[in-house]
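The values are calculated or read from the model by the stated rules, or taken from the named source; none is laboratory data. Because the structure is a prediction, the values reported are computed rather than measured. Virtual Cβ from ideal backbone geometry, glycine too; neighbours counted across all protein chains shown. Note: accessible area is taken over every heavy atom of the protein model, side chains too, but ligands, DNA and RNA are not part of it. Shrake-Rupley method; radii C 1.70, N 1.55, O 1.52, S 1.80 Å.
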Amino acid sequence: MEKLNEETGQSFNDSSIKKLLLIIDELDKSGILDIIYRMAKDEEIISSVKRILSSGFLMNIIDNSDIIMNSLTTIDLSMFPHYTNAVKSIETAIKTEDVRPVGGLTGVLDKIRDEDTQKGIGIVFSLLRSLGRTCSEAEGCPFKDDNAHLK
């Protein structure tokens, strides 16, 4: 203990070392220490971790962590499957749908007859309405409501 204190220039007491050893022991019992060890020996993983740790993106996340965490607390995580389904439907449409020009107003009217398209339009209008509701000066919306005098 004395040698450790001398080499580091810090004062370690027995209880902090014991606590650290207890943590290491628990990590070993749970198998997490083995996983960390295997990861530390894998050059590809170490290279990726170094890249992540030195990226400007990570520094941006760290610099804005309070804002990010406060915003994330407003998300209802029980709805997460719906969020991923929405993203997945966009991915599917991009990958597999045969997207063609609608062809004017008559083409739009023709497309509207499809039940799934009607549901999609309903979702889009619902999203637009919700975005409009949340867009206020209090929420930091950059748009000025030019029609406020009509309300």
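Which fully enclosed helices (runs of 4 or more DSSP H) of the range 1-114 have 1 or more residues being under 30 Å from residue 125 (Cβ atoms)?
Because the criterion is at least 1 residues that are under 30 Å from residue 125 (Cβ atoms), the helices (runs of 4 or more DSSP H) in the range 1-114 that meet it are 65-72, 80-96, 104-112.
Is the range 34-48 home to any residue that is touching a residue at least 12 places away in the same chain (Cβ under 8 Å) and either in the same structural domain as residue 120 (by the TED database) or surrounded by 10 or more Cβ atoms within 10 Å (Cβ to Cβ) (or both)?
Of all residues in the range 34-48, those touching a residue at least 12 places away in the same chain (Cβ under 8 Å) come to none.
Looking through the range 34-48, none of the residues is touching a residue at least 12 places away in the same chain (Cβ under 8 Å) and either in the same structural domain as residue 120 (by the TED database) or surrounded by 10 or more Cβ atoms within 10 Å (Cβ to Cβ) (or both).
Can you spot a residue in the range 63-72 that is over 30 Å from residue 134 (Cβ atoms), open to solvent by less than 100 Å² (accessible area, probe 1.4 Å) and within 31 Å of the chain's Cα centre (by Cα)? Let's see the steps before the verdict.
In the first step, residues of the range 63-72 are kept if they are over 30 Å from residue 134 (Cβ atoms); the result is none.
Taking every residue of the range 63-72 in turn, none turns out to be over 30 Å from residue 134 (Cβ atoms), open to solvent by less than 100 Å² (accessible area, probe 1.4 Å) and within 31 Å of the chain's Cα centre (by Cα).
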